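Following: one structure in structure tokens, then a few remarks.
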Amino acid sequence: MASQLSSVLPKMETLAASDHKSVVSINIFVALLCACIVLGHLLEENRWMNESITALFVGLCTGAVILLCTGGKNSHLLVFSEDLFFIYLLPPIIFNAGFQVKKKQFFRNFITIMMFGAIGTLVSCSIISFGVTKLFKRLGVGSQDIGDYLAIGAIFAATDSVCTLQVLNQDETPLLYSLVFGEGVVNDATSVVLFNAIQGFDISSFDYSIGLHFIGNFIHLFLTSTLLGVFTGLLSAFVIKKLYFGRHSTDREVALMILMAYLSYVLAELFYLSGILTVFFCGIVMSHYTWHNVTESSRITTKHTFATLSFIAELFIFLYVGMDALDIEKWRFVNDSPGTSVAVSFTLLGLILIGRAAFVFPLSLLSNLTKKSPNEHISFREQIIIWWAGLMRGAVSMALAYNKFTRAGHTQKKENAIMITSTITVVLFSTVVFGLMSQPLIRWLLPPGEGSLTSVSSETNTPKDSITVPLLGHQDDSEVQPTSLRLLLTTPTHTVHRYWRKFDDAFMRPVFGGRGFVPYVPGSPIERSTPAL
């Protein structure tokens, strides 16, 4: 017995030491997040900096300090895990994007957003994949198959427009903001779906049947993921409205909304769908129906809770990327050929610039041809901003690169290490350099007072404000009276809005709730002064 205890005690001491080390790492990381928030607040008025770049710099400085303290053995506090990113960090960011989006502008420009986010991502992925196929062998990056090249295209087709969105004002430039914001969300979803589809197919013997199957699977993932998000959002609205679940309890209402939102994401992952699309559309539906069915205190709480979770997750990601940029393990693999890593990085940057321009300007021209109103046209200056906003690469590219080229956060092959270090270089360079130039560029192209006010009035249809319009807008019926197929084709957006509004008022909101469709009872979400729509 004594011998067994003597053998167990050292193991327990080792586990205790390991747990204590983890606690220390978590404490430091949380303290760094607090520092990022404080520094971001202090630098808020700076024309060059934003919170994302601040978190990157804090991460770089912290990584350098850890590298010195460990004698060049380590540079980060936590080991990166793509599961941590996709399961815990990404859902609150995407859900809050859907929950806070100005739905009227988003759906008014839905076709253009889908062209940029879906078709544009495919074009960018194709150009990047074709470019690396022709150039990587000349750079001596080792042997890669067609599946690897396509995966690289999907990885670097994923944009991160957060730096541009922090500069744009959606009240001053509603069209531009909705296009940049909407494209960013659809782009992330398309990139992840495309990456997973590439990983799931054997493309070594590619033929037309595989290509058609690939396209069909891609469309199926898009549609089913969207429908699952809509279904989960409607289910949450129905439960709260019909069953009066937690009607007088803010804690229960907020907990139910948070859990239903997260349930939509994990259900999508369970069924091998796109969690990004699912949770985004769940956020849109919940903001239109569910949010109106809870008490006023629950509205305020959920609005700030979702925004706070998204804010912390974004800071966490950029802070870790900054620390991981100095990971000595990955750089040791490319130590004998640093020129190759640099050449690969700048080759990828060049292909990103070309791939972005290849679809932004042609699709903008196509979009303008379909719009009759000059106020709905995308000006050349706005096209430049849209092109620039998508040049930054961020957390999604990092997560996909780790998924493809590492195992449990570690790299064992030189070719894989080159791709990881190149991804880190591209993310850092694009975020810092392009991100720092975003605000001056936008101020130069769209001076204050000359912003593209492409909306006749400032809308307030997000949980940020009091929602007073339906999901797809609330123009007077006299604006559009389609009496023939010709009118439907000439004014498709307004016509769809009109018919959706009638359907929403007659069938959806009476069943699932929403402003004006929940009877007033003491403690109910509907104020006495609120008129029914």
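The values are calculated or read from the model by the stated rules, or taken from the named source; none is laboratory data. As the structure is a computational prediction, the values presented were derived from the model and not from experiment. Note that each Cβ is placed from the backbone with ideal geometry, even for glycine, and that neighbours are counted across all protein chains shown. Surface accessibility is based on the protein's heavy atoms, side chains included, excluding ligands, DNA and RNA. Shrake-Rupley method; radii C 1.70, N 1.55, O 1.52, S 1.80 Å.
Observations, loosely collected:
- Applying a threshold of 19 Å to the alpha-carbon distances of K73/K330; K241/K502; K103/K372; K104/K371; K103/K502 flags K241/K502; K103/K372 as lying beyond it.
- Calculated FRET value between I384 and D83, using beta carbons and R₀ = 56 Å, to 0.05: 0.90
- Taking every C-alpha pair closer than 8 Å and separated by at least 6 residues, the mean separation divided by the residue count of region 125-178 gives a relative contact order of 36 percent.
- Trypsin sites (Lys or Arg not before Pro) restricted to region 49-113 and DSSP loop, no more than 10 other C-beta within 10 Å: K73
- Ligands, DNA and RNA excluded, the heavy atoms of D19 present near 90 Å² of accessible surface to a 1.4 Å solvent probe.
- The packing ranking of peptides 367-375, 50-58, 161-169, 252-260, highest mean first, is 50-58, 161-169, 252-260, 367-375, where packing means the average number of other beta carbon atoms within 10 angstrom of each residue.
- Net length gained if the chain between I28 and I146 were fully extended (0.36 nm per residue, minus Cα distance): 38.3 nm
- Here the accessible area is traced with a 1.4 Å probe on the protein chains. For region 79-214, carbon and sulfur cover 61 percent of it.
- Per residue value of the accessible surface for region 39-183 (all protein chains in place, 1.4 Å probe), Å²: 39 Å²
- Spatial separation of Cα centroids for region 133-152 and region 281-296, in angstrom: 46 Å
- Listed values for region 379-393 are Karplus-derived 3J(HN,Hα) couplings in whole Hz (6.51 cos²θ - 1.76 cosθ + 1.60, θ = phi - 60°), namely 5, 5, 5, 5, 5, 5, 5, 4, 4, 5, 4, x, 7, 6, 10, and x replaces Gly and Pro.
- Across region 169-175, computed HN-Hα scalar couplings (Karplus, 6.51 cos²θ - 1.76 cosθ + 1.60, θ = phi - 60°) run 10, 6, 7, 7, 10, x, 5 Hz from first to last residue, x flagging Gly and Pro.
- Remark: region 281-292, residue by residue, has Karplus-estimated 3J(HN,Hα) of 6, 5, x, 4, 5, 5, 6, 8, 10, 4, 4, 7 Hz, where x stands for each Gly or Pro and the curve is 6.51 cos²θ - 1.76 cosθ + 1.60 at θ = phi - 60°.
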